[in-house]
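This report refers to the structure that appears directly beneath it.
The values are calculated or read from the model by the stated rules, or taken from the named source; none is laboratory data. Since we're looking at a predicted model, the values are computed, not measured. Glycine gets a Cβ as well: all are built from the backbone with ideal geometry, and neighbour counts include every protein chain shown. These accessible areas exclude ligands, DNA and RNA; they are computed on the full protein's heavy atoms, side chains included. Shrake-Rupley method; radii C 1.70, N 1.55, O 1.52, S 1.80 Å.
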Amino acid sequence: MVTTSLASPREPTAPLRIVFFGTPGFAVPTLEALLRSRHVVAGVVTQPDRPRGRGQQMLDAPVKAMAAASGVPILQPQHLKDTAFIEALTALRADLGVVAAYGKILPDQLLAIPTRGFINVHASLLPRYRGAAPVHRAVIAGERETGVTIMRVVQALDAGPMLANAHRLIGAEETSEEVERDLARVGAALLVGTLDRLAAGHVQEQPQDDSQATYAHKLQKDEGLIDWRWTADRLHNMIRGLHPWPHAFTFLGTRRFIVRRSRWSEEPSPEAPGTVVESAGDRLAVATGSGVLEITEIQSEGKRPMSAREFLAGHPLSRSERFGSL
């Protein structure tokens with residue numbers, strides 16, 4: 001369920017010339033919505049090409065691929081203060097810059113180029129979860145609600161005044177990947193409506209309450225190691241929040257296993273944390289610091305993901321075997 005905080009539109013006004021800053025898949029629905037809107041996408045700024053995927057091939061990032069397919073001018077600066085880039089951006093004569101997961105902080109010199117400044121599509125209900133990983137951190141924290149905020153870009157990280165927001169509930173089994181995918185869709189629609197109201201002069205900017213701010217720090221690969229002393233619900237939220245990267249993982253002896261999906265219960269267990277308490281049929285249950293975590297999808301290093309049933313068919317486990325750290 002999504003609820004939106006936004007004033008009603010007024011009469012049509014002249015379309016805005018937009019320069020769009022974005023790079024990954026989260027930004028694609030916003031660019032797509034802009035291209036379908038009455039506003040004009042004068043150009044797209046995206047990060048330089050980098051090796052991607054398991055084969056580390058030089059592939060276009062999602063935003064670049066869409067911009068190229070749509071015939072929109074593309075800029076890929078190595079440095080945002082580069083003179084040639086600043087001149088090229090200025091030449092686009094943009095009214096407004098729109099940012100969605102571009103991946104770099106924009107310098108003041110750049111923010112001053114569009115006549116109406118920059119706004120950002122941020123995947124949280126600001127001022128909570130400012131920073132690089134707002135969806136993942138919200139899921140890891142066990143939040144039951146998140147959303148999207150359209151905000152004014154200022155030099156301080158995600159601290160600018162808010163123009164609009166939309167709320168979305170987080171399901172108890174949803175992963176960060178699923179939540180983020182839907183928020184990308186929600187944010188795209190919210191942005192276009194905000195642009196229409198901004199063009200008409202009917203958007204009120206609301207300052208953030210900095211005293212309520214929290215920060216969503218960038219994910220690190222080593223965060224995925226499961227500490228079985230944690231409670232079952234906390235581990236379940238960690239597994240959901242670190243999906244699809246870096247994933248939660250554990251060891252059985254020297255073998256590393258990625259835990260991709262789970263359920264949990266408050267069922268008490270006398271066993272030490274990490275101990276297998278059931279391993280039959282569809283059920284692979286492990287004792288935690290409080291409650292039991294049921295692993296429903298698991299992946300051996302270098303292998304495909306498997307259901308608990310598939311995994312146990314090829315990796316029989318006895319009660320008392322114990323997951324842990326290497």
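Descriptive notes on the structure:
- Three-way shape label, segment 53-152, alpha-carbon gyration tensor, a/c 1.5: oblate
- DSSP-defined beta bridges in the chain - what % are antiparallel, rounded to 5: 70
- R0 of 51 Å, Cβ-Cβ distance Lys303-Lys104: FRET efficiency to nearest 0.05: 0.90
- Protein heavy-atom accessible surface, 1.4 Å probe, per residue over the chain: 48 Å².
- Summary value for the chain: 15 percent relative contact order, contacts being C-alpha pairs under 8 angstrom separated by 6+ residues.
- With a cut-off of 11 Å between beta carbons, the residues surrounding Ala67 carry a summed charge of -1, where Lys and Arg count +1 and Asp and Glu -1.
- For segment 60-101 versus segment 277-326, the spacing of their alpha-carbon centroids is 47 Å.
- Surface composition of the chain: carbon and sulfur atoms hold 51% of the protein heavy-atom accessible area at a 1.4 Å probe.
- Heavy-atom accessible area order for Lys303, Lys64, largest first, 1.4 Å probe: Lys303, Lys64
- Relative contact order %, segment 83-199, counting alpha carbon pairs below 8 Å whose residues are six or more apart: 22
- Dipole axis of the chain (+1 Lys, Arg; -1 Asp, Glu on Cβ), positive-most option in Leu317, His217, Leu191: Leu191
- Each of Trp245, Val63, Ala287 was placed along the dipole of the chain (beta-carbon charges, centred on the mean Cα), and the one lying farthest toward the positive end is Val63.
- Across the protein chains, with a 1.4 Å probe defining accessible surface, the residues Val45, Val40 rank Val40, Val45 from largest area downward.
- 28 Å tail of the calculated P(r), the chain, as % of Cα pairs: 48
- 222 nm mean residue ellipticity, helices alone, for the chain (DSSP H n ≥ 4; -39,500 (n - 2.57); rounded to 500): -7000 deg cm²/dmol
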